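Step one of this worksheet: look at the structure below.
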């Protein structure tokens with residue numbers, strides 16, 4: 001190796017090291033912005049799924065939320081384009097690719113995009129009526145070394161995209177929405193009733209089990225009925241399509257009687273605000289306190305299943321938890337909550353405030 005070649009090689013190495021150091025120094029003070037999709041929670045493809053041509057959970061497509069521009073300059077890569085490239089040659093199965101990139105900290109104008117997409121182009125044509133898209137710009141001030149995520153929702157009556165802190169989920173900057181769809185949502189919600197109580201749900205299903213430990217729709221949330229079906233009622237919960245299932249109490253009451261209990265004309269929020277602060281706090285946590293009235297317990301826990309508690313005059317009401325435990329609400333002679341009884345050791349911490 002000649003001296004001249006060695007000098008050139010050494011110079012190249014030094015320049016590379018300087019560039020690498022500069023790049024890392026630039027990124028060290030940068031924020032990071034991650035795209036997201038409805039397929040992010042799917043398991044990665046294994047050898048068997050790759051052999052079958054199935055990626056992750058085998059979805060045919062989904063919703064993508066990504067960073068399109070920073071200060072008017074298009075980003076080099078986003079999760080939609082990367083996923084579509086990774087899905088070529090895989091038939092109708094979408095392979096979701098995660099993407100994040102550094103963005104210098106400080107004030108920026110970001111363009112965020114939310115869009116449905118499918119691995120097979122022909123499927124996009126067949127689903128054109130439900131292929132939603134929303135985009136817009138927002139002003140943000142990104143913190144150094146912070147991780148942000150582009151998130152959103154794409155449904156018939158809600159098409160929104162936003163930026164949030166990845167760790168806390170707290171939204172950063174303005175909410176970007178499809179204004180025409182938002183007007184349609186408001187029209188669809190006209191004449192809506194209010195949820196009588198905290199309604200527990202799994203996915204888009206609200207069961208009459210109302211099992212403690214599940215996430216819940218707060219009492220007083222606007223809910224509009226879309227359609228009655230067999231043993232179920234399709235509703236809009238503040239614009240989100242969900243279904244209320246009359247799963248267990250069918251012999252004791254009709255679905256019309258059931259829904260009349262759950263959806264009421266008067267907003268219970270006014271009553272809740274008049275309760276003592278400790279009672280309000282318990283209800284907003286979906287829990288109860290000893291000494292609560294029957295109305296207060298119903299607002300917090302919901303109505304007990306009518307197949308387990310046919311009449312509310314009973315001295316005990318039976319409920320269950322998402323873990324499968326049953327528990328009893330025991331009433332005093334004057335109609336106030338006296339105790340919670342259960343064989344499940346952890347039930348009290350789920351149901352009773354302060355435990």
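Laboratory data are not the source of any read-out in this text; all were calculated from the coordinates shown. On a predicted model such as this, the values are computed, not experimentally measured, just so you know. A quick note on method: Cβ atoms are made from the backbone with ideal geometry, for glycine too, and the neighbour counts reach across all protein chains shown.
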Legend entry - Sequence of 204, 238 once ranked by neighbouring C-beta atoms within 10 Å, starting from the fewest: 204, 238
Inset, instruction - When you have a sec, figure out the Kirkwood radius of the range 28-186 from all distinct Cα pair distances and drop it here in Å to one decimal? - result: 16.3 Å
Inset, instruction - Provide, for q = 0.13, 0.19, 0.22 Å⁻¹, the log10 of I(q)/I(0) from a solvent-free Debye sum over equal Cα point scatterers in the range 119-210. - result: -0.72, -1.10, -1.13
Legend entry - Pairwise label distance in nanometres, residue 247 with residue 294, each label 7 Å out on the Cα-Cβ vector: 2.6 nm
Legend entry - Inter-site label distance for residue 312 and residue 285 at 7 Å from Cα along Cβ, in nm: 2.5 nm
Legend entry - Euclidean distance of C-alpha centroids, the range 186-245 and the range 101-161, integer Å: 27 Å
Legend entry - Among 115, 257, 280, residue whose mean-square fluctuation peaks in a GNM of the chain (springs only between Cα atoms under 10 Å): 257
Legend entry - the chain: calculated mean residue ellipticity at 222 nm from DSSP helix runs of at least 4, using -39500 (n - 2.57): -7000 deg cm²/dmol
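Considering only DSSP beta bridges with both partners in the chain, what is the antiparallel share in %, to the nearest 5?
Taking every DSSP beta bridge within the chain, about 90 percent pair in antiparallel fashion.
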Inset, instruction - Using only the alpha carbons of the range 207-300, determine the length spanned along each of the three principal axes and report them from longest to shortest in whole angstroms. - result: 40, 29, 23
Legend entry - GNM result for the chain, Cα springs below 10 Å: residue of 271, 87, 105 fluctuating most strongly: 271
Legend entry - Most fluctuating residue given options 245, 61, 72, as computed from a GNM of the chain linking Cα atoms under 10 Å: 72
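Whole number please: convex hull volume per residue of the Cα set in the range 290-355, in Å³? Don't skip to the end; give the middle numbers.
Details: hull volume 5.4 nm³, N = 66.
Given the Cα convex hull of the range 290-355, per-residue volume reads 82 Å³.
Apply the a/c threshold of 1.5 to the C-alpha gyration tensor of the range 68-141 and tell me whether it is rounded, prolate or oblate.
Values: a/c = 3.73, a/b = 1.80, b/c = 2.07.
Oblate shape, in that a/c is at least 1.5 and b/c is the bigger or equal ratio.
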Legend entry - P(r), alpha carbons of the chain - 20 Å bins starting at zero, rounded %: 23, 44, 27, 5, 1, 0
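Determine the gain in length on full extension of the stretch residue 85-residue 343; use 0.36 nm per residue of separation and subtract their C-alpha separation, reporting nm with one decimal.
Details: separation 258, 0.36 × 258 = 92.88 nm, distance 5.37 nm.
Result: 87.5 nm gained on full extension.
Using only Cα atoms, what is the ratio of the radius of gyration of the range 159-255 to 2.2 N^0.38 Å?
Details: Rg = 15.7 Å, N = 97, 2.2 N^0.38 = 12.5 Å.
Cα-based Rg divided by the globular estimate yields 1.26.
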Inset, instruction - Please work out the FRET efficiency for the pair residue 257 and residue 74, using the Cβ-Cβ distance as r and a Förster radius of 56 Å; give the result to the nearest 0.05. - result: 0.50
